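Below: one structure, written as structure tokens.
The values are calculated or read from the model by the stated rules, or taken from the named source; none is laboratory data. All values reported here derive from a predicted model rather than from experimental measurement. Cβ atoms come from the backbone with ideal geometry, glycine included; neighbour counts cover every protein chain shown.
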Amino acid sequence: MESSYLIGGIIIATCATYATRIIPFLWFRTREPSALIKYIELNMPVMIMVILVFYALKDVKWESYPYGIAELIGVAVAIGLHIKFKNALLSIFLATLVYMVLIQKIL
């Protein structure tokens, strides 16, 4: 394969990706968002966190050591941080860090 063919493919893929990201903003910039869109925008971080909690807890072996202690502590840290700071990124990052430290170093 020639490098010009690969570069052309990368450029086309880049333009297509950029277009799919920018066109909705250009199309809807003068319109007021609907009540549904406002509701989703307001509640999306919490929805994502709930999905992540269920995903994190789906394979926990509750009947054997360490009985899901690290997972429960991680979830508690995420909930506590989100209630206190209302920052989903901070909550997810620090809870993941706490969980990783627990499973790697402590439990």
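Any idea which residue in segment 78-107 is surrounded by the most Cβ atoms within 10 Å (Cβ to Cβ), counting only those that are over 18 Å from residue 66 (Cα atoms) and β-branched (Val, Ile, Thr)?
92
Just give me the residues in segment 20-41 being exposed (fewer than 10 other Cβ atoms within 10 Å of the Cβ) and among the aliphatic types (A, V, I, L, M), in sequence order.
26, 35, 36
Are there any pairs, at least 6 apart or on different chains, whose C-beta atoms fall under 8 Å, with the first in segment 72-100 and modelled with pLDDT of 90 or more and the second polar (S, T, N, Q) and assigned to a loop (DSSP other than H, G, I, E, B), and if so, which?
The qualifying pairs are 81/87.
Scan segment 48-66 and report the pairs whose first residue is on the phi < 0 side of the Ramachandran plot and surrounded by 14 or more Cβ atoms within 10 Å (Cβ to Cβ) and whose second residue is modelled with pLDDT of 85 or more and among the polar types (S, T, N, Q), with Cβ atoms within less than 9 Å and a gap of 6+ or a chain change.
49/91
Can you give me the number of residues within segment 59-92 that are among the acidic types (Asp, Glu) and either part of a loop (DSSP other than H, G, I, E, B) or closer than 26 Å to residue 42 by Cα (or both)?
2
Taking residue 61 as meeting all but one of (1) within 17 Å of residue 107 (Cα to Cα); (2) modelled with pLDDT under 90, write down the number of the exception.
(2)
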